[in-house]
Every structure is written in structure tokens, then in C-alpha cells.
Amino acid sequence: MLLGGMNKVFIQTYGCQMNVADSEEMFAHLAARGAVLTDKLDEADTVLINTCTVRDHAEHRAVSFLGRLSAWKKEKPGRVIIFAGCAAQRLGKALQKKYPFLDILSGAKDIELFSETLDKSGLFGMPGESIQPSTPNLTGYVTIMRGCNFACSYCIVPSVRGPIKCLPVEDILRDVARKTAAGAKEIMLLGQTVNAYQEGTVSFADLLNRVSEVPGVERVRFTSPHPIFFTPEFLNAVKDNPKIARHVHLPVQSGSSKVLQEMKRGYTREVFLEKIQALKSCGFNISTDIIVGFPTETEADFQQTLTLVDKVQFFIAYCYKYSPRQGTPAAQMELLAENILEERLDILLNKVRGLSEAAYQSQIGSVQEVLMETETKGRSSENFWVKTKNTYPTGSLVRTKIERAEGTLLFARD
Ligand code: 5AD
Ligand code: SF4
């Protein structure tokens with residue numbers, strides 16, 4: 001029972017940035033009940049594990065961490081373990097059977113009920129008035145929508161996170177204002193298909209522009225978008241707003257139109273390339289995710305992925321081996337041999353290895369606005385790391401020319 005005494009919480013977050021934001025949100029509810037954060041597991045009274053299930057490996061890591069907590073809990077039986085997020089959603093009550101020492105299970109769909117879940121457990125006090133003073137973060141993560149309305153055949157997200165729910169504009173702007181008041185200069189808008197946002201007449205582009213007008217906001221980023229929502233109307237609405245960062249993480253998944261269709265992605269290779277061209281012409285730097293070894297991927301399909309990478313010259317490409325997820329349509333299909341997956345991943349990783357360095361080199365001679373994250377280092381709008389010659393206050397914007405690049409660091413003249 002943690003009522004009364006000091007409650008130190010250790011948080012372990014797996015998965016995407018949505019999860020990072022969700023962990024913050026869950027911690028706020030714990031903090032309202034007197035909890036403080038610790039980065040030492042030994043000292044903690046409560047552990048919050050926020051989990052991912054997008055690939056088997058991610059889920060496995062979270063569950064093994066939970067397994068290892070058995071000894072931690074035995075040391076002091078009053079300790080509390082909370083298992084939350086996407087793997088919690090997928091595995092459900094079966095987990096509590098296998099790990100009887102688990103106190104609270106809270107699936108990704110239940111984040112809005114987290115406060116109630118804490119109260120129902122009887123393990124924490126009632127929430128007080130003041131939510132913890134947030135630690136000043138340069139980047140404020142703001143969830144604008146939850147869930148996903150697509151049905152990509154490999155993906156478990158729609159089933160663990162449910163259909164799209166967009167948050168009201170006023171709530172989002174209030175959250176942004178709260179984050180800037182606490183010191184945030186950059187706002188990262190989050191959603192599974194973030195650019196599908198639509199609330200009444202307010203489109204995603206409108207929202208970006210509105211957020212950028214909140215006092216204190218220097219830069220707005222967002223992740224992860226879906227290619228089909230990058231329309232000419234979107235680009236028109238944002239192209240003259242320099243506060244909207246010129247970087248998008250745009251998962252392509254495959255370079256083959258046939259595989260894209262079997263993945264039910266909703267676009268072809270050609271359409272994706274058109275979107276890229278339009279984004280690049282507005283100055284956007286593009287990173288991506290790629291899956292190799294989807295069940296129907298032939299050698300020729302894989303070659304198409306390689307040529308797409310050559311064409312687009314992504315800033316970064318995160319590459320994954322296909323991982324079958326129970327209950328998804330693709331999980332019914334026959335898997336390719338593991339050695340084929342490994343070989344293709346290897347070839348792709350070799351291809352993408354030099355991409356970032358090349359992108360960094362391409363910045364030499366350009367003038368960039370750097371948002372300082374330390375006194376001598378910050379990020380450009382296009383998301384390149386820049387080292388300055390002089391020192392500046394964290395959070396300031398420095399306009400400077402790039403002199404040289406070393407690996408994945410730019411050096412400014414300033
Ligand atoms: N297998 C492998 N990778 C996957 N991703 C999503 N589902 C799977 C899966 N079943 C990848 C996609 C997505 C990223 C978050 O994870 O590339 O963009
Ligand atoms: Fe993982 Fe997807 Fe859940 Fe994010 S939303 S934690 S990527 S399963």
C-alpha cells in the first residue's frame with residue numbers, strides 16, 4: 001500500500017513517440033497522487049512499463065522486463081507494477097495469470113481511464129489539486145489524435161489502438177500553451193496517422209498553423225503522417241509558415257506497387273514518389289520506414305524497394321524484417337524463409353548506411369535556423385544536428401551558415 005508515504009516511480013517506455021507522450025500523461029496522474037520520478041529501479045516503489053507490440057521483438061522485450069521484476073517485487077512486497085500500452089492491450093488478462101505479481105494492467109485503448117484505474121486499484125491516494133510542475137522540456141509532445149482507421153495487412157496498431165479519435169482543437173491549443181509556459185519551444189504533434197486530423201472544419205494544416213501561433217512556439221513538428229493526406233491543399237496551407245519544420249518521417253514500407261497493394265497501404269510507388277517530389281519542392285527533408293520480407297515479396301519486388309531508396313535519397317530509413325502479428329490479415333500468409341529476410345535486410349541496410357552522411361554533406365554552404373538544445377548544439381528545421389562555434393542559451397534560435405559536415409553533425413560558422 002502506497003497511501004501516505006513517498007512514492008517513487010520508475011518508468012520504462014518501449015515503442016514510438018506516442019508512447020513517450022502516453023507515459024508522460026500516465027505519470028502526471030501518478031504525480032497528482034504525490035508520486036515523484038526516479039531513474040533508479042532499486043529505489044522505486046512503483047514501476048510503470050509502457051509497452052509496444054508493433055513487432056514481436058518489441059513485445060518480447062517488454063514482457064521479459066516484466067518477468068525480471070518478479071525478484072524486484074519480492075524484495076519489498078508493497079511495491080507496485082503497472083503494465084500499460086499496446087502489448088498490455090493485446091495480451092490482456094492472460095498476462096496477470098502468467099505474472100500474478102502484476103498489479104495493474106492498462107491497455108492502450110484505456111489511457112483516458114488511467115486515472116480511474118489508479119483509483120479503483122486502491123493502491124494510490126486520491127488525486128490532489130496540482131499536477132506536478134512539468135520539468136522544462138525543449139520539445140513538448142502533444143497527442144492530437146489516437147488510433148488508426150487504416151487496415152494495413154501487416155499491422156496490429158488498428159486492433160490495439162482502435163479507430164481514430166481526434167482531440168478537440170481547444171484542448172490541443174491549451175496543452176500547447178501549458179507546454180510553452182513550462183519552457184517548450186518546439187511542439188511535436190503526435191498521432192498514428194497524424195495528418196488525417198480533422199475536427200469539424202479544422203484540418204491538419206489549419207491545426208499546424210494555429211499551433212504555430214501559440215505564444216512561445218518557435219517550431220512545430222509532427223509524426224507520423226500517412227502519404228495519402230499530403231495533398232496540394234496541405235502544402236499550400238503550410239508552405240509559407242517557416243515555423244513548420246521542414247522534416248517529415250513518411251513511412252513507405254515497400255517500393256513495389258504490388259506489395260503496397262497487398263499491404264493495403266492505399267498508394268502506389270508512383271503516387272508515393274509524386275508526394276515526395278511535392279514535399280521536397282517545399283523544402284521538406286524526408287525519412288522513412290521500410291519492411292523487408294513481406295510474405296509475397298519477390299526478389300523483383302525487393303529490387304523495387306532498393307531503386308526507390310536510390311531515387312528518394314531518404315535522410316534516414318529505419319528498416320525492419322517483417323514480423324507476423326497475430327490476428328492481422330498477413331499473419332495468414334505463408335512466411336518467407338528467415339534467411340531470405342536476413343539477406344534482404346542486410347542488403348537494404350548496406351544501401352541506407354551512407355544516406356544520412358550524404359544528406360549532411362548536402363547542407364554545407366546553406367543557411368539554417370538552429371534551435372539550440374544545449375548551449376552549443378541544436379537542430380535545424382530539416383532536423384540536422386548543428387554544432388555552433390559560440391555558445392547560446394538553450395531554446396534560442398540561431399541563424400547561421402553551415403561550414404562543414406562530419407558524419408552526422410554539421411558545423412556552423414555563426
Ligand atoms: N512487421 C515489421 N515491421 C512492422 N512495422 C509495423 N508493423 C510491422 C510488422 N508486422 C513497422 C512499419 C512501421 C513501423 C512503426 O514499424 O515500418 O512504420
Ligand atoms: Fe508500438 Fe504502434 Fe503501440 Fe506505438 S502505437 S507503441 S508503434 S504498437
(request) Would you list the strands (runs of 3 or more DSSP E) that sit entirely within the stretch 1-95 and hold 2 or more residues that are over 15 Å from Ser106 (Cβ atoms) and not polar (S, T, N, Q)? (result) 7-13, 35-37
(request) State whether one or more residues within the stretch 244-261 are touching a Phe, Trp or Tyr at 6+ places or on another chain (Cβ under 6 Å) and within 25 Å of Met372 (Cα to Cα). (result) yes
(request) From the list Val169, Val142, Val160, Val194, pick out the single residue that is more than 30 Å from Asp56 (Cα to Cα) and open to solvent by less than 60 Å² (accessible area, probe 1.4 Å). (result) Val169
(message) Take Cys166 and tell me if it is modelled with pLDDT of 95 or more, in contact with a Gly (Cβ under 9 Å, 6 or more places away or on another chain) and within 16 Å of ligand 1 (Cβ to nearest atom).
(response) no
(request) Quickly run through the stretch 14-26 and pick out the residues that are polar (S, T, N, Q) and open to solvent by less than 50 Å² (accessible area, probe 1.4 Å). (result) Asn19, Ser23
(request) Output the number of the condition that Gln277 fails; it satisfies all remaining conditions of (1) touching a residue at least 24 places away in the same chain (Cβ under 8 Å); (2) within 27 Å of Gln368 (Cβ to Cβ); (3) loosely packed, with under 15 Cβ neighbours inside 10 Å; (4) of a type outside the set (Asp, Glu). (result) (1)
(message) Given the criteria out of contact with any helix residue (DSSP H, G or I) (no Cβ under 6 Å at 6 or more places or on another chain), in contact (Cβ under 8 Å) with a residue 12 or more places away in the chain and within 30 Å of Gln261 (Cα to Cα), does Cys152 qualify?
(response) no
(request) Could you tell me which residue of the stretch 51-94 is nearest to ligand 2 (Cβ to nearest atom), considering only residues that are open to solvent by less than 70 Å² (accessible area, probe 1.4 Å) and at pLDDT below 95? (result) Gly92
(request) Might you let me know whether the stretch 215-226 holds any residue that is closer than 21 Å to Asn149 by Cα, open to solvent by 30 Å² or more (accessible area, probe 1.4 Å), touching a Phe, Trp or Tyr at 6+ places or on another chain (Cβ under 9 Å) and not assigned by TED's automatic domain parsing to the domain that holds Pro393? (result) no
(message) Can you tell me which residue is nearest to Arg265 (Cα to Cα) among those in the stretch 169-211 that are within 16 Å of ligand 1 (Cβ to nearest atom) and assigned to a loop (DSSP other than H, G, I, E, B)?
(response) Thr193
(request) Please report, ordered by residue number, the strands (runs of 3 or more DSSP E) entirely within the stretch 240-323 with at least 3 residues that are over 22 Å from Leu207 (Cβ atoms). (result) 285-292, 317-321
(message) Quick check on this structure: which one of Asp289, Asp310, Asp301 is within 16 Å of ligand 2 (Cβ to nearest atom) and of a type in the set (D, E, K, R)?
(response) Asp289
(request) State yes or no: is Ala31 away from ligand 1 (no atom under 16 Å from the Cβ), open to solvent by less than 50 Å² (accessible area, probe 1.4 Å) and not assigned by TED's automatic domain parsing to the domain that holds Lys321? (result) yes
(request) List the number of the failed condition for Leu260; all other conditions in (1) more than 16 Å from ligand 2 (Cβ to nearest atom); (2) at pLDDT below 95 hold. (result) (2)
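The values are calculated or read from the model by the stated rules, or taken from the named source; none is laboratory data. These numbers were taken from a predicted model, which means no experiment stands behind them. Ideal geometry is used to build each Cβ from the backbone, glycine not excepted, and the neighbour counts take in all protein chains shown. Quick note on the areas: whole protein, heavy atoms, side chains included, nothing else; ligands and nucleic acids left out. Shrake-Rupley method; radii C 1.70, N 1.55, O 1.52, S 1.80 Å.
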